[in-house]
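I have placed the structure first, in the form of structure tokens, so that the comments after it can refer back to it.
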Amino acid sequence: MATRYRWLRLNTDLKFSIVQKRLLDVKFSEISDDWFSESNNEPEKSIHYYWRTAITALYLDKNNDQVFQSVPTLSVVEFSLFEYKNFIYIRIKNPPRSVSMLANALERILGFGVWFENINMLANGRAALLRNLPDARLVSVKATNVKLTESVMGRIEAVSKELIPDDLLVELSMYPNLIDFCSYEVLIEGVKGQVSFYRNGQIKVGDNISGVVLSIVESML
Amino acid sequence: MKNNFGQSLYYASDKNIYDALNRNRVTNETIQELFLARNIIVSRKTDRESLALYFSRLPHDLEDHKNIGAKLGIVARQERLTTTDVEIAAKAEDYNQAITAVKNQVAKLNDTMTVSHHPDRIDLIIKYSTIDFRKAEFSQVQVRDGILSIIKSKTGYVIRSTYNDYINDVRDSLVSEIEKHSGSQGVRNSISLFAIPDAIKRSEFFHSLMYQMPDFRVKDVVEVYVYKQRPKSSDSKSNQDDEKEESDSDTHVERVLLRGSGVTRSKQLQDLIRQNDKEDPYYIVRVVWTVEQKLGLGHIYEIEARFEDAQDCTGFSYRLRGVYVADIKNRTGPSKSKRASTREEANHIGGVLEEHAKKLMDNLVAGVTN
């Protein structure tokens, strides 16, 4: 199994402990629209943000007519809050396409003056990984808008179980912004796994090596 | 009430007609109808310029002008609303007499006012026309509807009205008439941050207005306007100083519009608002945001709130700009295009927003005075 991660830097005048307390003070009640709860199941503490939502279900009645029914449900985002080099970071686990609900809640609770910065791990995290794990092998890469010849722009997708040729990497490394996605196979203490970096800043890492990989890529924050 | 609108209509000349028919807003169908009224059938292939030239030479009457004018007139968009609290010891009779007096005043200006009584409020719907001579012929007259609602509150009455000069005059006349008939002086309260000069607090007002709105959940903040007053020069300074100051203020940026998504949590806005220079920082004077009702059907409402006078933060007004309707049947979420809001939606959201804004203003003022 693999897990996706995304990082946000939280810029605020508030101290880390106050931020954490304010979030965890928003607790569940019957009338609350959203709330935070701390989870201690993992080696690292994580926070779950829940908000009420509804899904619309369709069923057929006795006359085979369509009947729509709105069913109340919950949505959840799991994240970790940590402080590193005097900055507060949020690491979101398996982030949805948009994290605006979480960001709205944080802005509402922490007040005016908070702003967020999306951390892109494609450049920094990849560099940290390659520096710390020299055996990491590039096994998949996708790049768009690559200038192939003077008059041809194209998309390059390369996949290999072996190493991808150096000349392609040299060509792409000149234009790091062109890379949409790249995936590395790494060997950490005899355990093999895969790490993928995406253009939107996310990384996907195999659960068997996630602890080591996260510590390496977060050293570049 | 001032009479701002005198007799001004002219008789359109041949050239006015020709110019008007050549404008894009007049459709080919309209031109065909004009010709058909004269028993002339025109081909779709005949170019517009030839038709306009021919028609402009024919005799035309007021009905023709109305048809063309209706196509060229500005489409009246939904106007902003504002609210004024009036605390006054007046009876229902006083209100009725005042309404009758104002109705007569409006009628003198050749405008019409319709009064409708509801259990909780009285609506005055005023149909009036404005003239703007800066616009092209046939676009100068604009017929508009303004609404003025008198709503009973705990302390007196709340007058919610369309925000423009004409309706503001009608509102002031109404309050004066109520005072005259009741024989007591009323106290007017409107939402304003005049007493709060602190730029950060003025910005926080809008932030709280959006993020702490009861029963509604913020979806996105899409537009923020920030303002900074041009630094004033001192009279007591020497000429040299004045010259220097004048040259410094040449590069003053007064207003900045930020448009996007999640604007209030952007670095760009915080850079403007949290300036550490000696001058005052920018502060928010207008916002546009989208909300969703917590226990609603999933429609997304786009709201705009602003202070008309950015310097003093007075003249608070708001507008429900549109509704992104949730498609419950197809479960595709809110529509991509928005529709105009209904009067019920505007009244409901307007009521919540007004109450919330008043509370925020009272809290801020209490914080300053304490």
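Put one equal scatterer on each alpha carbon of the stretch A:2-119, apply the Debye formula with no solvent term, and list log10 I(q)/I(0) at q = 0.21, 0.23 1/Å to two decimals. Taking Cα atoms of the stretch A:2-119 as identical point scatterers yields -1.25, -1.46.
Counting only residues at least eight positions apart within a chain, or on another chain, the lysines with an alpha carbon under 27 Å from that of A:Lys93 are A:Lys15, A:Lys21, A:Lys27, A:Lys45, A:Lys85, A:Lys142, A:Lys192, A:Lys204, B:Lys219, B:Lys267, B:Lys294. In the context of the full set of protein chains, residues of the protein assembly as shown present 56 Å² of accessible surface per residue (probe radius 1.4 Å, heavy atoms only). Mean per-residue shielding of peptide A:108-119 is 5, counting Cβ atoms of other chains within 10 Å of each Cβ. Highest mean packing first, where packing is the average number of other Cβ atoms within 10 Å per residue, the peptides B:174-184, A:13-23 line up as B:174-184, A:13-23.
Which percent of the accessible heavy-atom area of the stretch A:125-220 goes to carbon and sulfur, probe 1.4 angstrom? Accessible surface attributable to carbon and sulfur in the stretch A:125-220 totals 52 percent. The Cα atoms of the protein assembly as shown define a convex hull whose projected area, averaged across directions, is 44.6 nm². Annotation for the A:B interface, with buried accessible surface near 1900 Å², both sides summed [1.4 Å probe; non-protein components not counted]. Judged by the ratio a/c of the largest to the smallest principal axis of the C-alpha gyration tensor, the stretch B:99-223 counts as oblate, that ratio being 1.5 or greater while a/b is no larger than b/c. Shielding value for B:265-273 is 4, the average number of Cβ atoms from other chains within 10 Å of each residue's Cβ. Charges were assigned to the Cβ only: +1 to each Lys and Arg, -1 to each Asp and Glu. The resulting dipole of the protein assembly as shown about its Cα centre is roughly 1160 debye.
The listed peptides B:87-99, B:212-224, ordered by packing as a protection proxy, come out as B:212-224, B:87-99 (highest mean of other Cβ atoms within 10 Å first).
Taking the inverse of the mean 1/r over every pair of distinct Cα atoms in chain A gives a Kirkwood hydrodynamic radius of 20.1 Å.
Shape class of chain B from the Cα gyration tensor (axes a ≥ b ≥ c, square roots of the eigenvalues): prolate, since a/c reaches 1.5 or more and a/b is larger than b/c. When the alpha carbon gyration tensor of the stretch B:144-187 is reduced to an equivalent ellipsoid, its three semi-axes come out at 20, 14, 7 angstrom, largest first. From its DSSP helices (H runs of at least four residues, each -39,500 (n - 2.57)), chain A gives a residue-normalised ellipticity at 222 nm of -6000 deg cm²/dmol.
The values are calculated or read from the model by the stated rules, or taken from the named source; none is laboratory data. Just so we're clear, the structure is a prediction, and the values are computed from it rather than from any experiment. Please note: Cβ atoms are built from the backbone with ideal geometry, for glycine as well, and neighbour counts cover all protein chains shown. When the accessible area is computed, the model is the full protein with side chains, heavy atoms only, and any ligands, DNA or RNA have been set aside. Shrake-Rupley method; radii C 1.70, N 1.55, O 1.52, S 1.80 Å.
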